[in-house]
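Chemist: Take this structure first; my questions come after.
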Amino acid sequence: MTEKVLTPEQVAQVFREKFGGAVTDIRITERREGAKKNPNFNIWIDIDRSILNPAVATLIEIHFPHFAVISGVDAGDAVRLIYHFTVFYGNPGSECTVSFSVNLPKDDLAVPTISSLIPGAVFSEREKQEFLGVRVTDIPDGRRLFLPEDFPEGVYPWRKDETGIPEGMIKDLWRSRRPTDRPAPPAGEKELCELPAEDAPPKEGSS
Amino acid sequence: MSEGKKSPYIVPIGPTHPALKEPVMFTFEMDGEMIRDVDFAPGQTHRGIEWMGMRRNPVQIVHLTDRICGICGVSHTLAFSRAVEQITEIEVPERADYIRTIIAEFERIQSHLLWAGVAAHELGFDSLLHLTWRVREQSMDVIENLTGNRVNYGLVQVGGVRRDIVPEQHRIIEDCLSAYEGLLGKLLDLFLHDKTIAMRCRDVGLLSKEDALKLCTVGPTARASGVNVDLRQDYPYCAYGDLDVRAILPDQYAGETRGDVYDRIVVRLLEVGQSCGIIRQCLSEMPAGEITAEPKLAKLLAICKKARGEAIGRVEAPRGECFHYVLMEGKEAPASWKVKASSYSNLMSWIPMLRGEQIADIPIIVASIDPCLSCTDRVAVVRAASRSIYSKDDLHRLSVEKTRRLQQ
C-alpha cells in the first residue's frame, strides 16, 4: 500500500490513461463547510461493467480503499449501480470519495462480483440482488440479506417498473381503525383524511 | 440421536435473545465450548425506509432520518441534509455548522456512555452499568435542553438547524463538560484497571488490521484495530475542518494495538473526553449569524423540487461512517436514496472476531462493535407447532384494544 496522496485530478488521470474508452465520464465535485471552508473532494467515474474489477484493482494500487456501499438507481431501461469507495483516509483533510458507476441494461442485469478483491463487499452485493433484481455473477454467498424469507420472488423493492412493490403489498397503517366491538371512546372519533387522487407523495407546505 | 450428538453441533442465538441487545439471528457451529464457525442473518427489523423516502420530499425525509436510529438521530439527518445541500447548492451558515457539530458530539458522548454501560452489563458488572447510565443522564439532559427531546431531536434540517444555542445555555453545557472531564479518569480507571474486565476483554474478539480493512470496518471498531480512519479528521465537514480533530487509536493509551474488545473500550472512552474538548472549542469559536439558509419551508421545498444531481453526505456517527447517497431528478421525491448506517459496515467483522472464541464470550464480542439494528417491522409468533405473522396493522389494532381495556 502506497501512502502517497494524489490530488483528485491525478486520480482521474490514472483512470483515463489506463482504461481509455471504457471510462465514459469523470466528474470531480467539491464541498466546503465551516469557517475555514476546507474542501472535500468527490470523484465520480462512469465505467463499463467489463472493467469493474480492473478499476477496483487500480484503486487498490493507489491506496487500499475503504468500500462504503453500492447504491442503485432504476433508470428506466437500465439499472445503474454506483460503487462508493474512499481513499487516502488517515491523512488529515485529504480523504476523497471515488464512485464507480456502471449501467446494466434491463435485459442483461449481470454484474461481476468485486468480493475477490474486497471481501466485505459481499454484504452490499447481496442487498443489491434482492432489492434491485441484479445478478452478481460468482458471488460467494448469494442468499437474501434483509428481506424476510417469505417475501415473494421476483419483487424488487427499489425497482420502479412492474417488478417493484405492488399496490397490494403496501400497508397504510393510518387506515387501520379502532375495533368496532368496543365501547365508544370519550371523544368523538376523527374523520379519516382522504387519499390524494393520484399516487404522488402528499404535498406539504406548497399552499 | 447418534448423528445429533456428534460435534459440531449447532447453537442458534436470536433473532431476539436475552443475551443480545439487538435483534439479529446467529447460527453458531460449536465444537465443545469453542465456536468453530458462525453465520448471521440481519434484516429482522428492516423497515424499508429508503422505499418510503423515495415517495417523500426532502423536507419530510429529515423527520424520517431522525427516526432511522434511536441513538444516531443527528448523524443520519446530518448526512442526508448535507447530500441534499450539495445537490441544491445551498450554503449552510457557519453558525449552523457549529451548532451541528456541538449536537453531533453530544450524541457521541451519550452513545459511547450507553455502550460502555451495555459492555459492563454483558460482562456481568452491573454496578458499573448503573454508574455509566446514571452519568449518561447529564448529557441527555443537555440534549433535551438544546433540542427539546431526549431522542428524535428534530434539530437538523436541510439548510441549517431549527434552534439556536443562546448564551444562557452555555453554562449548562459547560457544567456537563466539566462533570464528564472530572469523571473520565474514574471511568477509565474502573474499566481499564479492573482485573476481571482485563481478563474478559484482553485478546478476546480479535480483529486484525488487515481484516478490518478487507471487511470495510468503520469507526471505533476500525480504530481499535489500528486503522487510522475518522471522517472528522480525514474528510472534515461542518466545523470539524476548523478544529484539527485527530483520530484516537488504542496505542496512544496502551502503547500497542491488539484489536481486541479491550481496545474498543479504550477508543470509545477516550473519545468521550475528545468530544468534550470539541464542544468547548466550538462554543468559544462559534461565529454569530443566521442558523439556517432558508427558514421558509415552502421556499426550501421549491428549491429542492427544481434540483437535479447526485451527491454523497458522509458523517462520522458514534459507530463510524454514516453514508447517504441521494439522486434528485427535478421531482419532489429523490429518484434514489441509499442509507448506509455505520453498523452496516461493521457486521461482517463479527465472523473473524467470533471464530475460535468461547461460547460465554459471545455477548461481549457481539456487543463490542456497538451494533445497531433498529426497530421492528413485523413479529412472528410461534405457538405450539403453528406459526403466524402479526402484521403492523394487527399489532396496531391489538394495542388500541389494550389501551381501551385499560381505560375502562
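The values are calculated or read from the model by the stated rules, or taken from the named source; none is laboratory data. These numbers were taken from a predicted model, which means no experiment stands behind them. Here Cβ is always computed from backbone atoms with ideal geometry, including for glycine, and neighbour counts include all displayed protein chains.
Chemist: Take segment A:24-59 and flag every residue that is in a strand (DSSP E or B) and charged (D, E, K, R).
Modeler: A:Asp25, A:Arg27, A:Glu30, A:Arg31, A:Arg32, A:Glu33, A:Asp46
Chemist: If you check B:Leu184, B:Leu206, B:Leu192, which single one turns out to be within 30 Å of A:Leu117 (Cα to Cα), assigned by TED's automatic domain parsing to the domain that holds B:Glu85 and touching a residue at least 40 places away in the same chain (Cβ under 8 Å)?
Modeler: B:Leu206
Chemist: What is the number of the single condition among (1) assigned to a loop (DSSP other than H, G, I, E, B); (2) loosely packed, with under 15 Cβ neighbours inside 10 Å that B:Gly226 does not meet?
Modeler: Here B:Gly226 clears every test but (2).
Chemist: Right, here's the next one. Does segment A:80-92 contain any residue that is away from every other protein chain (no Cβ under 12 Å) and surrounded by 22 or more Cβ atoms within 10 Å (Cβ to Cβ)?
Modeler: no
Chemist: I would also like to ask the following. Can you find a residue in segment B:83-100 that is among the small types (Gly, Ala, Ser), outside any helix (DSSP H, G or I) and within 11 Å of chain A (Cβ to nearest Cβ)?
Modeler: No, because not a single residue in segment B:83-100 is among the small types (Gly, Ala, Ser), outside any helix (DSSP H, G or I) and within 11 Å of chain A (Cβ to nearest Cβ).
Chemist: I would also like to ask the following. Restricting to segment B:276-300, what's the tally of residues that are without any contact (Cβ under 8 Å) to a residue 24 or more places away in the chain and either more than 26 Å from A:Lys36 (Cβ to Cβ) or surrounded by 15 or more Cβ atoms within 10 Å (Cβ to Cβ) (or both)?
Modeler: The total comes to 3.
Chemist: Ok, one more. Just checking, which of B:Ile312, B:Ile303 is buried (at least 16 other Cβ atoms within 10 Å of the Cβ) and either in a helix (DSSP H, G or I) or without any contact (Cβ under 8 Å) to a residue 12 or more places away in the chain (or both)?
Modeler: None of the other options fit; the residue is B:Ile303.
Chemist: Being facing chain B (nearest Cβ under 9 Å) and surrounded by fewer than 23 Cβ atoms within 10 Å (Cβ to Cβ): is that true of A:Asp150 here?
Modeler: Taking the combined requirement at face value, the residue satisfies it.
Chemist: Separate question: Going by the conditions given, is A:Gly21 at the interface with chain B (Cβ under 8 Å from one of its Cβ atoms) and outside any strand (DSSP E or B)?
Modeler: In short, no.
Chemist: Of the numbered conditions (1) surrounded by 24 or more Cβ atoms within 10 Å (Cβ to Cβ); (2) farther than 30 Å from B:Glu357 by Cβ; (3) away from every other protein chain (no Cβ under 11 Å), B:Pro58 satisfies every one except a single condition; which is it?
Modeler: Just one mismatch for B:Pro58, condition (3).
Chemist: Would you tally the residues in segment B:340-360 being in contact with a Phe, Trp or Tyr (Cβ under 9 Å, 6 or more places away or on another chain), within 9 Å of chain A (Cβ to nearest Cβ) and of a type outside the set (Phe, Trp, Tyr)?
Modeler: The total comes to 4.
Chemist: I'm trying to understand the selection: among the residues of segment B:170-211, which are among the acidic types (Asp, Glu) and assigned to a loop (DSSP other than H, G, I, E, B)?
Modeler: Residues satisfying the conditions are B:Asp194, B:Asp203.
Chemist: When the residues of segment B:166-182 are narrowed to those that are within 24 Å of the chain's Cα centre (by Cα) and hydrophobic (A, V, I, L, M, F, W, C), which ends up farthest from B:Ile279 (Cα to Cα)?
Modeler: For segment B:166-182, the residue satisfying everything is B:Ala179.
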